[in-house]
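Nothing in this text is a laboratory measurement; each read-out follows from the coordinates by a stated rule. No experiment lies behind these values; they were computed from the predicted model shown. All Cβ positions, glycine included, derive from the backbone under ideal geometry; neighbour counts span all protein chains shown.
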Amino acid sequence: MGVDFSTPLWYYNKMEKVCKKCKDTKKLEEFSIRSDSGNYRHSCKVCISSQRSSFRLDNIERFKENDRRYHKENAESKKKTTREWYLNNKEQALGYAKNYREENRELIRKNDSQFYENNKERIKKEKSE
């Protein structure tokens with residue numbers, strides 16, 4: 001059942017399909033379209049989303065390792081992109097930082113004091129220079 005793009009969308013919105021996972025009858029708009037064939041998927045968007053979430057949770061170490069490797073291999077690119085975003089959205093970034101500081105005041109205070117305890121000698125040395 002491929003999508004005919006010459007047909008108006010309201011026509012497809014009235015059509016329904018049964019999800020193979022949850023067995024519910026849903027409108028076609030609740031199903032993704034496959035990019036390879038142009039047909040609707042057999043499972044609805046909600047079922048696919050929960051399936052992907054479950055798979056990620058079951059394979060969390062694998063995903064973490066992939067994320068670490070990606071960040072390591074693309075550190076310079078990510079740094080450049082982040083910097084560009086910051087320069088283009090400075091007010092928004094400062095607003096995020098301000099809100100975070102206000103909402104996490106105690107956590108920041110605790111982390112700062114813990115950092116000071118762990119690095120007393122280095123801090124005193126830097127202050128004396």
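Give me the Kirkwood hydrodynamic radius of the chain, using the inverse of the mean 1/r over all pairs of distinct Cα atoms, in Å to one decimal. Display every interim value, and only then the final one.
Working: mean 1/r = 0.0482 Å⁻¹.
About 20.7 Å for the chain.
In what order do Asp36, Asp58 fall by count of nearby beta-carbon atoms within 10 Å, going from fewest to most?
Numbers: Asp36 5, Asp58 10.
Ranking Asp36, Asp58 by Cβ neighbours within 10 Å, fewest first, gives Asp36, Asp58.
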Arranged by the count of other C-beta atoms within 10 angstrom, fewest first, what order do His42, His71 take? His71, His42
Identify all lysines with a Cα-Cα distance to Lys23 below 17 Å; exclude those on the same chain that are fewer than 8 residues away in sequence. Lys45
Put +1 on the Cβ of each Lys and Arg and -1 on the Cβ of each Asp and Glu in the chain; which of Cys22, Phe63, Ile48 then has its Cα farthest toward the positive end of the dipole? Phe63
If the elastic network links every pair of Cα atoms under 10 Å, which of Leu107, Leu94, Leu57 fluctuates the most in the Gaussian network model of the chain? Leu107
Quick one: length gained pulling Asp112 to Tyr86 fully straight, 0.36 nm per residue minus the C-alpha distance? 6.9 nm
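Where in the chain is the longest stretch that carries no trypsin sites (Lys or Arg not before Pro) classed as loop by DSSP and with at most 15 other Cβ atoms within 10 Å?
Values: sites that count: Lys20, Lys21, Lys23, Arg34.
Maximal segment without exposed cleavage sites: 35-129.
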Assuming R0 = 30 Å, what is the FRET efficiency of Ser77 and Glu129, from their Cβ-Cβ distance, to the nearest 0.05? 0.30
